[in-house]
Amino acid sequence: MSPDKSGTRHFWQQRATAITNVPLVLFLLWFIVSHLGAARADVVASVQNPINAVLLTLSFASILWHMRLGMEMVLEDYVQDERMLRTSLLLNTLFTAAMALAALYAILKMVFGA
């Protein structure tokens with residue numbers, strides 16, 4: 001794949017995640033604000049609602065993917081050393097994957113109990 005096709009894909013992925021983040025972040029903010037001061041059992045009961053669980057999962061996935069894409073652009077623009085760039089890009093991807101796994105684990109743990 002040529003670099004300009006990769007750049008085009010990257011551009012459209014950023015735009016798509018930015019657009020999907022608008023309603024998902026609004027949902028996430030509503031969810032957080034509506035549960036401020038709530039007991040843990042109430043929050044868990046809300047997360048056990050399949051619609052809430054799916055929307056929370058989609059929110060974290062979209063936000064984290066968008067973050068990874070944005071950070072990748074910053075790294076490619078400002079890190080000059082090739083080895084440092086590759087290492088930074090790898091760490092960016094690993095960090096994003098770790099955050100996604102942690103979010104998914106927390107959501108699944110609340111949905112299926114424990």
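Overview of values
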quantity: Of all residues in region 66-80 being out of contact with any helix residue (DSSP H, G or I) (no Cβ under 6 Å at 6 or more places or on another chain) and not charged (D, E, K, R), the one that is surrounded by the most Cβ atoms within 10 Å (Cβ to Cβ); calculated: 67
quantity: Hits in region 1-15 (condition: surrounded by 12 or more Cβ atoms within 10 Å (Cβ to Cβ) and touching a helix residue (DSSP H, G or I) at 6+ places or on another chain (Cβ under 9 Å)); calculated: 10, 13, 14
quantity: Subset tally (residues that are surrounded by 14 or more Cβ atoms within 10 Å (Cβ to Cβ), over 13 Å from residue 67 (Cβ atoms), over 12 Å from the mean Cα position of the chain (by Cα) and of a type outside the set (Gly, Ala, Ser)) for region 81-107; calculated: 3
quantity: Selection count, region 1-51, where residues are of a type in the set (Lys, Arg) and within 21 Å of residue 64 (Cβ to Cβ); calculated: 2
quantity: Every residue from region 25-49 that is part of a helix (DSSP H, G or I) and either among the aliphatic types (A, V, I, L, M) or touching a residue at least 60 places away in the same chain (Cβ under 8 Å) (or both); calculated: 25, 26, 28, 29, 32, 33, 41, 43, 44, 45, 47
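No value in this document is a laboratory result; all are computed from the given coordinates. Remember, predicted model here, so these are calculated numbers, not experimental data. For neighbour counting, all protein chains shown are included, and Cβ atoms are generated from backbone atoms with ideal geometry for every residue, glycine included.
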